[in-house]
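**Student:** The structure follows.
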Amino acid sequence: MAYFPETLIATRFLREGGGVVSPNERDLLKLIWRHPGLSRSEVTAHTDLTQQSVYRIIDQLEERGIISFGSPKPGTGRGQPSPTLRLDGRYAYSCGISVNTDIIGICLMDISGNVLAESSVALRERTMAQSLDLVREQLIEHQRVNNLSEEAFFGIGFAIAGFHISGTRYNAPLPLHEWSLIELGPLLTEFFGKPAWVRNGGKTGAIAESMFGVGRYIKHFAYLSFNYGFGGGLISDGELLLGGIGNAGEFSGMYDAEESKRRPALQWLIERLNRNGVDVPSISYMRKHFDPKWPGVAEWVDEVTPAYSRLINAIWAIFDPQAIIFGGQVPTALAQMLIDRTENFDRPRYGVQRPRPKLIISEISSDASAMGAAITPFKSAYY
C-alpha cells in the first residue's frame, strides 16, 4: 500500500475544507519566506490577487498562528502604516534526520526556518533499531531543553544516502545495508508517531542550500554532495528537480564500474589516507580535521580530476546552471583543491565562450542534509 505522509498530518494543522493550506495560501507563504519583512500592503504587487483577497488570506493565516504581524515599515506611503509579515515559529516545528554511512545528523527546526537544536549519533557498529533509539532519546532531550510541546510537532524529515527505488525505498551503500530496500516511511511513522517525508540526502542538502545558502540569490544551481559516495541535486528556479523516478542529480551514474573508483567519493580518499599512514576513522572526522598536506591527498585529487572535470562540464552542458555548489561532507580546503583543478572543455566560437557557471563552496557549515530534511515537511506542506 502506498505511503503518503500528507494523510497522516495531525488535525490541528488542517484548515477548514481540508488540506493544510490552499494554493493561494501556499503562494503567499512562499512569498513571505522569500521576502522576509515584506509588508502586508506590498504583497498585492507580487501576486495576481486583489488587495481584498490578499488581506483576507493573510488574516486567516494569522488567525491560525502560521504568520504574525511585525512592526510597520516607515515611509511606505500615505495612510495607516502596514504591518510586516513573518512566519511564526511558535506554530510548528519538525525534526530532520540525516543518515550517512558513519553518522546520523539531527536537526530540529521551526516553520520559520530557525534551527532549534542540532546533534548527531555515531552509526558505527550499531543496528538500525539501536540508532533510532538513540535518535529518539536526543529528540526528547531537545524537546525538553527547548520547551517544545508535542502538539506543535509537525513531522519528520528523513534523508538517507542512496538512490530512490520507489515509494519510500532507497538503495544505500553497503554500510547502510540494513536501511536499504525497505519502506522507510511507515517504519518511521510507527517509531516516532509522526508523518515522515523521506528523501535522498543529496537532495535534502540541495534543498538546504536553496533555502539557507546560495539559493537566496541564485535560483538555478547544481549541488554536489561529497559523502561516502557521491551524488547531489538540481535546483531549478528555486525548486528541487526530482526527475521521473526521483533520482535527478545522481551524478555517480555517469561513470562505469572502473571509472566509478576514480570519481570524487570520499570513501576512496579515506582508503588512500589510511594506506598512507593517516588514521582517519570516518568522513565526519576528516571534515573536522582535514589537512591538505596529508600524504595521499594531492595524489587522490590528481587521480579524480579527469572524472570530476568531465562531470562539471556535463552538468554545464546539460543543465546550464548559474552555479555549481560544492557541499555534502566535503572539507572546504578539499573543495577548493578540486575547483582549482577544474578543466573547461568549452571551445570558443568567434572568440566568444559560453557563460560558465560559478563554482562555489557551500555556505552551510553544519549538516546541510539534516537541515534540508528538517525543512522538507514544511516545504512540502506549506511553501
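The values are calculated or read from the model by the stated rules, or taken from the named source; none is laboratory data. Being a predicted model, the structure only gives us computed values, none of them experimental. Neighbour counts are summed over all protein chains in view; Cβ atoms, including those assigned to glycine, are modelled from backbone coordinates with ideal geometry. We work out accessible area using only protein heavy atoms, side chains counted, and drop any ligands, DNA or RNA first. Shrake-Rupley method; radii C 1.70, N 1.55, O 1.52, S 1.80 Å.
**Student:** Could you list, in sequence order, all residues of the range 337-373 that are surrounded by 12 or more Cβ atoms within 10 Å (Cβ to Cβ), among the aliphatic types (A, V, I, L, M) and more than 30 Å from residue 95 (Cβ to Cβ)?
**Tutor:** 337, 338, 339, 359
**Student:** For the range 1-42, give me each residue that is touching a strand residue (DSSP E or B) at 6+ places or on another chain (Cβ under 6 Å) and surrounded by fewer than 15 Cβ atoms within 10 Å (Cβ to Cβ).
**Tutor:** The answer is 37, and nothing else.
**Student:** Quick check on the range 91-108: of everything there that is touching a helix residue (DSSP H, G or I) at 6+ places or on another chain (Cβ under 6 Å) and among the polar types (S, T, N, Q), which residue is surrounded by the fewest Cβ atoms within 10 Å (Cβ to Cβ)?
**Tutor:** Result: 101.
**Student:** Among the residues of the range 103-121, write down those that are without any contact (Cβ under 8 Å) to a residue 60 or more places away in the chain and farther than 18 Å from residue 149 by Cβ.
**Tutor:** 104, 119, 121
**Student:** Hey, does the range 109-119 have a residue that's at pLDDT 95 or above, open to solvent by 20 Å² or more (accessible area, probe 1.4 Å), part of a loop (DSSP other than H, G, I, E, B) and of a type in the set (Asp, Glu)?
**Tutor:** Step one: of the range 109-119, the residues at pLDDT 95 or above are 109-119.
With the extra rule that they be open to solvent by 20 Å² or more (accessible area, probe 1.4 Å), the set shrinks to 112, 114-116, 118-119.
Restricting the remaining residues to those that are part of a loop (DSSP other than H, G, I, E, B) gives 112, 114.
Pick out the ones that are also of a type in the set (Asp, Glu) and you get none.
Looking for residues that are at pLDDT 95 or above, open to solvent by 20 Å² or more (accessible area, probe 1.4 Å), part of a loop (DSSP other than H, G, I, E, B) and of a type in the set (Asp, Glu), one finds none in the range 109-119, hence no.
**Student:** Being of a type in the set (A, V, I, L, M, F, W, C) and touching a strand residue (DSSP E or B) at 6+ places or on another chain (Cβ under 7 Å) is the requirement here; does residue 57 meet it? Outline the logic, then answer.
**Tutor:** Working: of a type in the set (A, V, I, L, M, F, W, C): yes; touching a strand residue (DSSP E or B) at 6+ places or on another chain (Cβ under 7 Å): no.
For residue 57, the condition - of a type in the set (A, V, I, L, M, F, W, C) and touching a strand residue (DSSP E or B) at 6+ places or on another chain (Cβ under 7 Å) - is not met.
So that you can scan it fast, the table gives a plain yes or no per residue for (1) outside any helix (DSSP H, G or I); (2) surrounded by 15 or more Cβ atoms within 10 Å (Cβ to Cβ):
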residue	(1), (2)
234	yes, yes
246	yes, yes
249	yes, yes
253	no, no
267	no, yes
270	no, yes
284	no, yes
291	yes, no
294	yes, yes
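**Student:** Something else about it: Return a yes/no flag: does the range 206-226 have any residue that is open to solvent by less than 10 Å² (accessible area, probe 1.4 Å), in a loop (DSSP other than H, G, I, E, B) and under 29 Å from residue 111 (Cα atoms).
**Tutor:** Within the range 206-226, one or more residues are open to solvent by less than 10 Å² (accessible area, probe 1.4 Å), in a loop (DSSP other than H, G, I, E, B) and under 29 Å from residue 111 (Cα atoms).
**Student:** Of all residues being open to solvent by 40 Å² or more (accessible area, probe 1.4 Å) and in contact (Cβ under 8 Å) with a residue 60 or more places away in the chain in the range 167-200, which is nearest to the chain's Cα centre (by Cα)? Just the residue, please.
**Tutor:** Restricting to residues being open to solvent by 40 Å² or more (accessible area, probe 1.4 Å) and in contact (Cβ under 8 Å) with a residue 60 or more places away in the chain, the top hit is 199.
**Student:** Mind listing whichever residues of the range 11-20 are out of contact with any Asp or Glu (no Cβ under 9 Å at 6 or more places or on another chain) and modelled with pLDDT of 95 or more?
**Tutor:** Listed by number, the residues that qualify are 11, 13, 14.
**Student:** Suppose we filter 273, 234, 269, 241 for residues that are closer than 18 Å to residue 339 by Cα and at pLDDT 95 or above; which single one remains?
**Tutor:** 269
**Student:** Would you check which residues across the range 137-165 are surrounded by fewer than 14 Cβ atoms within 10 Å (Cβ to Cβ) and in contact (Cβ under 8 Å) with a residue 40 or more places away in the chain and list them?
**Tutor:** 151
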